[in-house]
Amino acid sequence: MHDLKIIDKILKEASKKGNINILKLEVGELSDVSPLELKEHLEEHVTYKIDVNLKKSKVKCKCSYIGPAEILLKDHGICLFRCPNCKNKPEVIEGGEIKIIGVK
């Protein structure tokens, strides 16, 4: 069910751009969907090409750490991560979203 909501949202947003031949997406490393799964599910619903890129994470922590998050668990519908320095929950700067980066 979660995947269908994500796919529906992506397809509605992409359709606002007009005729689509290629849809380019950026999937954040800390999002709860894998790039491969997202691509496969989208390809089940459309006839155009889907191009999905992984966006590495960048977090900022109260301990002054800025850099990639330590991912503890990434599974379907969940991504648990922490600061690799102090082990607390950091603020996500990059790599936590799914974005449309291009429509051709």
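Since every read-out is calculated from the coordinates, none of them should be taken as a lab result. Bear in mind that the values here come from a model prediction, so they are computed numbers and not experimental data. Cβ placement follows ideal geometry from the backbone for every residue including glycine, while neighbour counts extend to all protein chains displayed.
By DSSP, the beta bridges lying fully in the stretch 2-103 are antiparallel in about 70 percent of cases.
For the stretch 1-100, the list of chymotrypsin sites (Phe, Trp or Tyr not before Pro) that fall in a loop by DSSP and count at most 13 other C-beta atoms within 10 angstrom is empty.
Can you tell me which lysines have their Cα less than 24 Å from the Cα of Lys89? Leave out same-chain residues fewer than eight positions away. Within reach: Lys55, Lys56, Lys58, Lys60, Lys62, Lys74, Lys99. Restricting the GluC sites (Glu not before Pro) of the stretch 1-70 to loop positions (DSSP other than H, G, I, E, B) with no more than 15 neighbouring Cβ atoms within 10 Å leaves Glu44. For P(r) over Cα pairs in 10 Å bins from 0, in percent, one of (i) 14, 47, 34, 5, 0; (ii) 13, 27, 21, 19, 13, 6, 0; (iii) 15, 43, 26, 14, 2 was computed from the structure I shared and the rest are decoys. Which label? The calculated read-out lines up with (iii). Treating the angle as unsigned and between 0 and 90°, give the value, to the nearest 10°, between the Cα long axis of helix 2-15 and the longest Cα principal axis of the chain. Taking Cα atoms only, the helix is inclined about 60 degrees.
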